[in-house]
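Throughout, read-outs are computed from the coordinates displayed, never taken from laboratory work. These numbers were taken from a predicted model, which means no experiment stands behind them. Counting neighbours? That spans all protein chains shown, and the Cβs are built from the backbone with ideal geometry, glycine included.
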Amino acid sequence: MSDSLSFILNELGEEHPHGSVATPLYQTSMFAFESVEQMRRALAEETQSYFYTRGNNPTFTALERKLAALEGTEAALLFASGSAAVAAAVMANVEQGSHVVCVQKPYSWTNKLLTKLLARFGVEVSMVDGTRPENFAQAIRPNTRLLYLESPNSFTFELQDIAACVAVARQHGLLTIIDNSYATPLNQRPADMGVDIVVHSASKYIGGHSDVVAGILCCSQAMREKIFSSEYMTLGGVMAPFNAWLLLRGLRTLALRVERVAQTTPKVVDFLARHPKVEAVLYPFHPSHPQYELAKKQMKRPGGMFSFRLRANEMAEVERFCNRLQRFLLACSWGGYESLIFPACTLYGSANYQNPWLDWRLVRVYIGLEDADELIADLRQALECL
Ligand SMILES: *Cc1c(COP(=O)(O)O)cnc(C)c1O
């Protein structure tokens, strides 16, 4: 029998020396040995042993075991940020002259990794509309190495049919990577559908308290060893033990938080979808979403983030609306306890975010742990300014 969800979140991999209830934080940069022979053996087995914290650390191990169990993979590996995890997953599996097929509009820095940074090393990328799996198939070339998915993306919320994309990849002997940050392993388990590497920005739901930047990848033991011995150790973008400990704490309430926002978010979305000043809502679990059926098929429950398009004639109107909100912080990121708003018009004028595809009337909303009624009342009063 596999471990229960509450056992994984609260017990798996933890230690209780001296009867400590909370699992210890191993805030140490290295580990000492009693003999040269012991030290030699630890070094020879560095992908598994405790030698140096730019490697393994017992606090990492506890977190890795939980994350692998949650995603249903053999292993996991921890990084300083989601972007570091994405970069390691991709870089470990391409070489000069390789080609990647990526869903269009991935996370902004994933986009930069593929179109700018790796382009300097001769890696080619094709960005495809991921709503049709055949678009991935058509973009495959003899030098294609992997398919990169992000379902849904975190601003316009298009999905990919994960099982269908994996089938395309397998037919061509390609690896698949997915960014599963939005859904969390509690709402979507891509490895069950055959995805090889599942990546998360743990800065979001897994941390859950807006106090950690961290990344994770979940994969086979062999893939973990491969990445560990190359990108993980050489680029060195590893997690701090304290951040791993904070993520262990975050996991304790992950199920509660994910269930809570699955109740509240659809209420807020419904309110906005009916409001005359709102042109459209972009939310996989709203019946107006063109992939609503697919969302219900491959995701367990609704997530806590969506976008909507205001009926605004100029950017100043969008700004006025956002500035009037009192229960939503104007901030990037998401996954914490507080509700946030991120208007797409913020991206206009930034050299790092050339996103002509993002309509300036779009506003992204992240629903925290507040009551839906309070958030709806705030949105209602702010919409009156339009
Ligand atoms: C935030 C985010 C990332 C990057 O993660 P960091 O922890 O900020 O480096 C990657 N993918 C998605 C979908 C994200 O939201």
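Amide H contacts under 5 Å for residue 128: 102, 103, 104, restricted to partners 5 or more places along the chain or on a different chain, H placed in the peptide plane at 1.01 Å from N. Principal axis extents of the C-alpha atoms in the chain (largest first, rounded to whole Å): 73, 56, 43. Panel values: the stretch 24-93, Kirkwood radius from alpha carbon pairs, Stokes-Einstein at 4 °C and 1.567 mPa s, translational diffusion coefficient 95 µm²/s. By the beta-carbon count within 10 Å of each Cβ, the least crowded to most crowded order of 155, 60, fewest first, is 155, 60. Starting from a Cα-only point model with no solvent, please compute log10 I(q)/I(0) by Debye for the stretch 116-240 at q = 0.11 1/Å. Ignoring solvent entirely, the Cα scatterers give -0.42. Legend: translational diffusion of the stretch 1-157 by Stokes-Einstein, Rh = Kirkwood radius over C-alpha pairs, 25 °C, 0.890 mPa s; D = 131 µm²/s.
When the charge dipole of the chain is built from unit charges on Cβ atoms (+1 for Lys and Arg, -1 for Asp and Glu) and taken about the Cα centre, the candidate among 180, 248, 113 whose Cα reaches farthest toward its positive end is 113. With Cα atoms as the point set, the radius of gyration and Dmax of the stretch 1-52 evaluate to 15.3, 42 Å.
Treating the angle as unsigned and between 0 and 90°, give the value, to the nearest 10°, between the Cα long axis of helix 315-324 and the longest Cα principal axis of the chain. Here the helix axis deviates by roughly 70 degrees. Diffusion of the stretch 255-329 by Stokes-Einstein, at 20 °C in a medium of 1.002 mPa s and with Rh set to the Kirkwood radius over alpha-carbon pairs, works out to 157 µm²/s.
Between residue 377 and residue 3, the C-beta separation translates, for a Förster distance of 45 Å, into a calculated FRET efficiency of about 0.60.
Listed by Cβ neighbour count within 10 Å, with the fewest neighbours leading, 64, 71, 134 appear as 134, 64, 71.
In plain terms, the residue of 277, 116 with the fewest other Cβ atoms within 10 Å comes first and the most crowded comes last, giving 116, 277. With both labels modelled 7 Å from their Cα along Cα-to-Cβ, the residue 220 to residue 350 distance reads 3.8 nm. Computed about its Cα centre, the charge dipole of the chain is approximately 600 debye, with only Lys, Arg, Asp and Glu carrying charge at their Cβ. Multiplying the residue separation of residue 234 and residue 74 by 0.36 nm and removing their Cα-Cα distance gives an extension gain of 55.3 nm.
Around the amide H of residue 300, modelled in the peptide plane, lie the amide H atoms of 188, all under 5 Å away and 5 or more residues distant in sequence or on another chain.
In this simple spin-label model, placing a label point 7 Å from the Cα along the Cα-to-Cβ direction at both residue 267 and residue 20 gives a separation of 4.0 nm.
Extension gain, residue 170 to residue 316: 0.36 nm times the residue separation minus the Cα-Cα distance gives 47.7 nm. A helix-only calculation puts the chain at -10000 deg cm²/dmol for mean residue ellipticity at 222 nm, using -39500 (n - 2.57) for each DSSP H run of at least four residues, averaged over all residues.
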